[in-house]
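Taking it in order: structure first as structure tokens, then the write-up.
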Amino acid sequence: MVLLTITLCMNFAACSDDDADIPSTNVKTIHVEKGGTLATLMTEEEQSQVTDLILSGFLNGTDVNFIRGMRNLRKIDFTDAHIIGGGNSYAVDGSFFATSDNIFPPRCFYDLYNSFDLQDVKISNSVTVIGESAFQYCRSLTSVEIPNSVTTIEMFAFDGCTSLTSIEIPNSVTTIEDAAFSDCTSLTSIEIPNSVTTINGAFSGCTSLTSVEIPNSVTTIGISAFSDCTSLTSVEIPNSVTTIGMFAFSDCTSLTSIEIPNSVTVIEDCAFQNCNLKEIHINSLTPPAVDGNAFSTYSYVTLYVPTESKDAYMAHDIWGKFGNIVEE
């Protein structure tokens, strides 16, 4: 016989006539002993009215589909819950998705049409992967707790979470995929863990981001890594980076100065396109390979190079285009 444990706590606060049927705070705590049974532990009324949900036990695709139907959900705590494979698939925009063991479900709270008011999420400490587009377009999301069990944040996981102001990525994370945090337009600070080696488009369009400190584990700043970060005024590129990829800092219109360490050997097409650079400080004695379109302009930018390397830069097909080259 399966044991089901349910604890219910309701707090009905005063509300206006317009939402008199829905309490401003309605908390429910549920232990799901068997995956696929969450729907049997809540009434239809509770599904429509619960705002804060605390879950433990085992959740599969059937349960995820039920949670997706909770349209007044503001907070959800998965801390003691385990995501498992099995159950029914769930449909999102005509495509079907399934759960897998220890992977936060892809497109679980995908919200292109603003139907969720999800604000706060705590992710289970058994989760190792945050699935593709898991929280994409959750425009009310302000707080996410990512446990140190997570190793991978898949593409578009938090794309378009426009109310997210900060995020703490644990050191367990080794992979942040393309556009994982793109268009998080309120994100002002990020802490990239020392375990990440490549950044590809992860933070493009974060228009409130003012500074970035890239850890010395990173070897490649990849395609569109920080493109369209229009408030970015400062970035520290560590001496571990060898490649600055296509469009890596393109349209970072507030970036006026950049220091390129001597570890960088390749700067690709449009890497600094449409930046308002006034100074470039490059530490390599030998001019690194650079695409002719890596920078938008050469006439009004001062290129600072190491002592005794000015002639090498002036003789270079691309670096020699800079109107003013100064040794330092």
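Here are a few things to note about the model shown:
- For the range 185-277, a crude dipole built from +1 on the beta carbon of Lys and Arg and -1 on the beta carbon of Asp and Glu, taken about the Cα centre, is about 40 debye to the nearest 20.
- Heavy-atom surface of the range 28-71, accessible at 1.4 Å and reported per residue (Å²): 36
- For the range 184-250, average projected area of the Cα convex hull in nm²: 3.6
- Per-residue ³J(HN,Hα) for the range 142-150, Karplus 6.51 cos²θ - 1.76 cosθ + 1.60, θ = phi - 60°, Hz, x for Gly and Pro: 10, 9, 9, 9, 9, x, 7, 8, 6
- Put simply, the range 91-164 fits an ellipsoid with semi-axes of 18, 16, 9 Å; these come from the alpha carbon gyration tensor as the roots of five times its eigenvalues, largest first.
- For the range 237-305, the spherically averaged projection of the C-alpha convex hull amounts to 3.9 nm².
- Restricting attention to the chain, close to 15% of DSSP beta bridges with both partner residues there are antiparallel.
- For the chain, the number of Lys pairs with C-alpha atoms closer than 20 Å, counting only pairs eight or more positions apart or on separate chains, is 6.
- Restricting the calculation to alpha carbons of the range 163-206 gives Rg and Dmax of 10.0, 27 angstrom.
- Mean separation of Cα pairs under 8 Å and 6 or more residues apart, divided by the residue count, gives the chain a relative contact order of 7 percent.
- Shape of the range 122-263, Cα gyration tensor, a/c cut at 1.5: oblate
- Phi to ³J(HN,Hα) by Karplus 6.51 cos²θ - 1.76 cosθ + 1.60 over the range 185-200, Hz, x for Gly, Pro: 6, 9, 6, 9, 8, 9, 10, 8, x, 6, 9, 7, 9, 9, 10, 10
- Each Lys and Arg Cβ is given +1 and each Asp and Glu Cβ -1; about its Cα centre, the chain then shows a dipole of about 240 debye.
- Averaged over its residues, the range 196-328 has an accessible area of 41 Å² per residue, based on protein heavy atoms and a 1.4 Å probe.
- Considering only alpha-carbon pairs that sit under 8 angstrom and 6 or more positions apart, the relative contact order computed for the range 85-197 is 20 percent.
- By the compact-protein rule of thumb, 2.2 N^0.38 Å, the alpha-carbon radius of gyration of the chain corresponds to a ratio of 1.21.
- In the context of the full set of protein chains, residues of the range 81-161 present 38 Å² of accessible surface per residue (probe radius 1.4 Å, heavy atoms only).
- Solvent-accessible area of the range 132-176 (1.4 angstrom probe, protein heavy atoms only): carbon and sulfur portion equals 41 percent.
- At R0 = 41 Å, FRET efficiency that the Cβ-Cβ distance of residue 163 and residue 289 yields, to 0.05: 0.50
- Fraction of beta bridges assigned by DSSP in the range 200-328 that are antiparallel (%, nearest 5): 0
- Site pair residue 34 and residue 120 shows an inter-label distance of 3.3 nm when each label is modelled 7 Å from Cα along Cα→Cβ.
The values are calculated or read from the model by the stated rules, or taken from the named source; none is laboratory data. In this text the structure is predicted, and so the values were computed from the model without any measurement. Note that each Cβ is placed from the backbone with ideal geometry, even for glycine, and that neighbours are counted across all protein chains shown. Remember, those area values only see protein heavy atoms, side chains included, never the ligands or the DNA or RNA. Shrake-Rupley method; radii C 1.70, N 1.55, O 1.52, S 1.80 Å.
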